[in-house]
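Read the structure below first, then the notes.
The values are calculated or read from the model by the stated rules, or taken from the named source; none is laboratory data. A quick note: this is a predicted structure, and the numbers were derived from the prediction, not measured. All Cβ positions, even for glycine, are placed from backbone atoms using ideal geometry, and neighbour counts span all protein chains on display. When the accessible area is computed, the model is the full protein with side chains, heavy atoms only, and any ligands, DNA or RNA have been set aside. Shrake-Rupley method; radii C 1.70, N 1.55, O 1.52, S 1.80 Å.
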Amino acid sequence: MRSLTEVIESHIIELLEGNDEDVVSLRRKELAERFGCVPSQINYVLRSRFTPERGYLVESQRGGHGYIRILRICYETPEARLRHLDDLVGDSITEQEAKRLLVSLQSRGLLDLRERLLIEVALRHVDDMGESVFDVSPYKRNVLQAELLKRMLRSLVLS
């Protein structure tokens, strides 16, 4: 049996897929009534399932005439995809953050399983070498991992 979070997420994704555009507008209160939950449950779904890492942007306005607008991120050019990936990685990334990002990219079809696993191994190696051989601080190891991850993702996007 699926959780309420999964049911709400599926409903919103169906609305996006049924729409010709990559955007859907909703009302938090109407969704909460439809699924018999409190509006904070809708907020949780939006914050956890519709993130830039997963390929979505969420705009919302609270109040009587408030709305939620969910946009699916689309890339017209490889350069736009590269900018998005660079923004997601940032200047520093932990191993756990990198793993979550890579899993998300795989689920969105931007990486396949083999590419994801190869990148994970390379990032783990950089972290291990930085810790054991070169005695680099954790922050600098995270900076090195971020730079390596961005370079690997750039090469995959441009290939």
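Note on Lys99: lysines with a C-alpha under 26 Å away, same-chain residues under 8 apart excluded, are Lys140, Lys150. Note that region 22-159 presents 61 Å² accessible area per residue, ligands and nucleic acids not counted, probe 1.4 Å.
Near Leu16, once Lys and Arg are set to +1 and Asp and Glu to -1 for all other residues with Cβ below 15 Å from its Cβ, the sum equals -2. The helix-based estimate of mean residue ellipticity at 222 nm for the chain, built from -39,500 (n - 2.57) per DSSP H run of four or more residues and divided by its residue count, is -20000 deg cm²/dmol to the nearest 500. Overall shape: rounded for region 4-68, with the ratio a/c of the largest to smallest alpha carbon gyration tensor axis below 1.5.
Taking Lys and Arg as +1 and Asp and Glu as -1, the other residues whose beta-carbon sits under 10 Å from that of Arg124 total -3. Report which label in (1) 9.5; (2) 11.8; (3) 8.6 holds the value of mean projected area of the Cα convex hull in nm² derived from the coordinates of this structure. It is the one labelled (2). Protein heavy-atom surface of region 27-120, 1.4 angstrom probe: 47% of the accessible area is carbon and sulfur, with nucleic acids and ligands not counted. For the chain, the longest principal axis of the alpha carbon atoms and the long axis of helix 95-107 meet at an angle near 60°.
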